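*Asks:* Could you have a look at this structure, given as structure tokens, before my questions?
Computed from the coordinates by the stated procedures, all read-outs in this text should not be read as laboratory data. The shown structure was predicted, so the numbers you read here are calculated from the model rather than taken from an experiment. Every residue, glycine among them, receives a Cβ derived from its backbone with ideal geometry; neighbour counts consider all protein chains shown.
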Ligand code: ADP
């Protein structure tokens with residue numbers, strides 16, 4: 001175990017992690033895996049053992065889905081009035097806020113990210129999103145239709161639609177924003193009256209387990225939310241295949257997303273997929289180079305670059321290219337690398353050894369394909385999964401580091417000549433999640449926005465998310481929206497009712 005007692009943690013964090021061996025939540029009970037198998041969770045900052053959690057398998061998935069089905073049909077949940085669902089979500093949001101420091105510390109120790117940033121971004125956005133979705137619980141509406149039925153001119157009909165919860169939701173999330181992604185799924189599911197089997201990533205299950213306690217404390221009936229821990233093959237795959245799951249919602253890699261999408265079709269399970277990205281940061285001619293460099297640094301280095309919409313490709317007008325890249329390299333060099341619990345840390349470790357090696361191997365691929373390493377370019381230190389913030393220049397648009405998602409603190413920078421060229425390059429990857437344009441030239445900005453094939457376009461900012469704004473991908477970045485009113489649709493069926501009167 002890491003020397004947690006030497007870290008300045010809240011009493012709640014120390015107490016939670018002192019358990020060392022944790023259980024998962026099925027049907028309101030904290031249980032071990034039926035097989036008795038367990039999974040080790042490491043602290044990526046020092047590679048020490050943080051916790052041991054159940055390594056669930058198909059039998060546990062079945063138990064969790066059955067519990068969620070029972071809860072879905074139980075009067076306590078099925079007949080609960082919308083204002084009561086709203087009240088429960090608001091209570092959960094309050095609890096998340098009350099436990100913000102603890103959730104942020106656990107997230108930091110589990111994922112590597114800065115606890116300070118986790119508190120002000122991950123946890124604050126989680127609470128804000130739960131509150132936003134709480135408001136929708138009482139505003140789910142159908143429509144009434146005036147019907148013609150031309151072939152029955154002498155009869156009267158009334159038509160209306162009802163929205164109904166889709167049922168049991170299988171929610172599978174990635175490790176980059178463990179708590180926030182869980183809330184992205186739980187918020188609309190619980191607002192609409194669904195029940196949930198939540199599977200956190202095997203690297204970062206701890207905040208989901210802590211959240212399970214808060215869900216119980218908020219007063220949710222047993223089985224409405226189940227949290228099971230394990231890896232993709234042991235839990236994710238059986239959950240995806242399970243015929244009792246009515247909707248799958250996934251955040252993770254495009255590769256796994258495709259597997260989930262295919263499996264979902266087998267049972268006609270509703271599915272939304274929030275997948276990878278290779279988001280461009282486009283700096284127009286008029287943009288102050290200092291502003292562009294600061295924005296580009298934030299776009300790629302936030303969360304160690306482990307952000308699906310990270311600004312991982314930087315296109316700068318050739319006039320300012322050298323200056324912006326030099327300033328960006330200065331920003332990168334100035335970032336304080338360290339343990340996420342240290343309040344002065346700006347860049348923590350990557351989540352796992354696998355991810356660190358993957359990112360370093362991409363840097364090597366870049367080098368071998370002729371990229372110039374402007375700054376960074378290697379692991380940082382020898383303990384913990386730290387990677388230096390890196391800038392690669394002299395890269396070819398078709399090279400792998402430009403085309404493929406690296407998911408780490410590595411940005412590729414390229415100069416461009418004109419708007420049409422940069423729009424074409426911006427769209428020239430399989431992905432389409434986010435893009436940012438840096439300029440105050442309104443007319444050029446407006447000409448560019450419709451040309452960019454991505455789910456979000458930011459102007460003079462990047463990585464900004466708000467509960468009210470739909471977020472999701474074009475192309476291989478997935479389909480369906482998280483957040484905003486649009487997110488609710490994915491958790492609701494629409495029933496048409498026609499009555500002869
Ligand atoms: P990454 O490649 O960034 O680790 P993944 O897409 O592999 O991200 O993982 C995201 C989530 O998907 C995790 O919770 C993981 O356990 C889960 N997962 C991985 N493989 C599968 C699979 N075959 N079926 C369902 N879920 C999976």
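*Asks:* Could I have the simple spin-label model distance between residue 493 and residue 141, label points 7 Å from Cα toward Cβ, reported in nm to one decimal?
*Replies:* With each label placed 7 Å out from Cα toward Cβ, I get 2.4 nm.
*Asks:* Here is a follow-up. Ordered by packing density, taken as the mean number of other Cβ atoms within 10 Å over each peptide's residues, highest first, how do 251-258, 389-396, 116-123 rank?
*Replies:* Details: 251-258: 19.2, 389-396: 22.6, 116-123: 21.0.
Listed from highest to lowest mean packing, they are 389-396, 116-123, 251-258.
*Asks:* Rounded to the nearest 500 deg cm²/dmol, what is the calculated helix-only ellipticity per residue at 222 nm for the chain, with -39500 (n - 2.57) per DSSP H run of length n ≥ 4?
*Replies:* So the calculated ellipticity at 222 nm is -11000 deg cm²/dmol.
*Asks:* Here is a follow-up. I want to check the label-to-label distance for residue 367 and residue 11. Put each point 7 Å from Cα in the C-beta direction and report it in nm to one decimal.
*Replies:* 5.1
*Asks:* OK, next. Quote the Stokes-Einstein diffusion coefficient, in whole µm² s⁻¹, for the chain, based on the Kirkwood radius over alpha carbon pairs, a temperature of 4 °C and a viscosity of 1.567 mPa s.
*Replies:* 55
*Asks:* Oh, and also: Report the FRET efficiency, 1/(1 + (r/R0)^6), for residue 151 and residue 449, where r is their Cβ-Cβ distance and R0 is 56 Å, rounded to 0.05.
*Replies:* Efficiency computed from Cβ-Cβ geometry: 0.75.
*Asks:* Return the distance in nm (one decimal) between the two label points of a simple spin-label model at residue 334 and residue 253, each offset 7 Å from Cα along Cα→Cβ.
*Replies:* 3.5
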